[in-house]
Amino acid sequence: MNAVNWVGRCARASRGLWLLRVLALVAAIGCVRSAPAQVTISEPWVRGTVEGQTSTVAYMKFKSDIGARLVSVTSPLAARAGVHEMTMDGNLMRMRTVDALQVPAGGTLALEEGHQHLMLEGLKRSLRPGDTVPLTLRFVDSRGTTQTVEVQASVRALGASSSAPAN
């Protein structure tokens, strides 16, 4: 084998190796996805009801590293579910539906009595302590990525407060 043939073979092998490296890099990039910002949910609970009561509230805490908005909530046990907030107007407490709730980047949003909460209306049955209520929460993060989270919220007694222990 002369030197010219040997150099040609090395060049072809080098190109082949280079091509393999490029293909491996492209494959690796294709496999790496930026994970959507995960909203974590803790302490979900729903206030119990009495026979014939058609609405109740749900409370919980949300945490997000990059920030997100809670944009919708649904439950198979309620005809309607929405995001509400309560505010004081003089001596009158007002409750209103809001389009979304902001979970601050790196922070926590607590849904609490007398403040922000989830309202479940048109209940299909009474909710007793020990029951669980399935909730589907939809978030949109600061990058526009949608995340759907399924939550099983425990039902607490009708007179329970946020500080009461979970069932």
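Structure notes:
- Boolean, Leu118 is over 11 Å from the mean Cα position of the chain (by Cα) and assigned to a strand (DSSP E or B): yes
- Given (1) touching a His at 6+ places or on another chain (Cβ under 8 Å); (2) on the phi > 0 side of the Ramachandran plot, number of the condition Gly90 does not satisfy: (1)
Condition check ((1) among the polar types (S, T, N, Q); (2) in contact (Cβ under 8 Å) with a residue 40 or more places away in the chain) across all residues:
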| residue | (1), (2) |
| --- | --- |
| Met88 | no, no |
| Arg128 | no, yes |
| Leu135 | no, yes |
| Thr145 | yes, yes |
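- Scanning the range 80-91 for residues that are more than 15 Å from Leu137 (Cα to Cα) and either under 18 Å from the mean Cα position of the chain (by Cα) or not polar (S, T, N, Q) (or both) yields Glu85, Met86, Met88, Asp89, Gly90.
Quick note: the coordinates plus some simple rules give every number you see, no bench work behind them. Just so it is clear, the structure is predicted and the values come from calculations on it, not from any experiment. No Cβ is skipped: glycine too gets one built from the backbone with ideal geometry, and neighbour counts run over all protein chains shown.
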